[in-house]
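The values are calculated or read from the model by the stated rules, or taken from the named source; none is laboratory data. Values in this document were obtained by computation on a predicted structure and should not be read as measured data. Virtual Cβ from ideal backbone geometry, glycine too; neighbours counted across all protein chains shown. Protein only, heavy atoms only, side chains kept; ligands, DNA and RNA dropped before computing areas. Shrake-Rupley method; radii C 1.70, N 1.55, O 1.52, S 1.80 Å.
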Number of protein chains: 2
Amino acid sequence: MSSLPVAAVDRIIRKGGSWRVSEPAAMALAEILEEEGVKIARKAGEFASHANRRTITDTDIRLAAKHHK
Amino acid sequence: MSSLPVAAVDRIIRKGGSWRVSEPAAMALAEILEEEGVKIARKAGEFASHANRRTITDTDIRLAAKHHK
C-alpha cells in the first residue's frame, strides 16, 4: 500500500500524453515512486548525519538524488 | 509545483528513519519523484502504443520502470 495518492499519480501519468490510465497502472507507479522515495530519503539521512544534523534538508535530498543509482 | 502532496512525501522520508524533515526537503523530493514519474509514464506510453493500446496498464508501467535509467 503506497502513501502516495493514486489520483495524484494518475495525473502525473497523463502529463506524459493523452493516455487512458488503468487504475492498477496508477497504483503500480505509486508503489514504484514510493520505493524510490524511500531509497533517496535513506541516502539523504546518511548525508544529514554526516553533516551532524538530525534534520533532513533539501540539500541532502538533492545530493541523494544525484548519487542515486 | 508538484502534483504530489508534500505531506505524503514527508511521510515517505520519515519511513527511512527517525528524522526531522524540513519543508523544502519534502518539496524537493516531491519534485524529483514527479519528474521520475513523468519519465516512466512516457516510456510506458510508448510500450502501450507498441502494443496497439491507448490505455496504459500496470504491465506497461512495470516494463518502463525496469528499463528506466
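So the values come out like this:
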| item | result |
| --- | --- |
| Cut-off under 5 Å, modelled amide H: who pairs with A:Ile56 long-range | B:Arg20, B:Val21, B:Ser22 |
| Inter-chain shielding of B:44-55 (mean C-beta neighbours from other protein chains, 10 Å cut-off) | 3 |
| Accessible solvent surface per residue of the stretch A:3-69, calculated while the other protein chains remain in place, 1.4 angstrom probe, Å² | 52 Å² |
| Under 17 Å between alpha carbons - lysine pairs in the protein assembly as shown that sit 8 or more apart or on different chains | 19 |
| For the stretch B:1-58, with +1 on Lys and Arg beta carbons and -1 on Asp and Glu, the positive-most of B:Ala51, B:Val38, B:Ile13 along the dipole | B:Ala51 |
| Rg to Rh quotient for chain A, alpha carbon positions, Kirkwood Rh | 1.12 |
| Value at 222 nm in deg cm²/dmol, rounded to 500, when DSSP H runs of n ≥ 4 in chain A each add -39,500 (n - 2.57) | -22500 deg cm²/dmol |
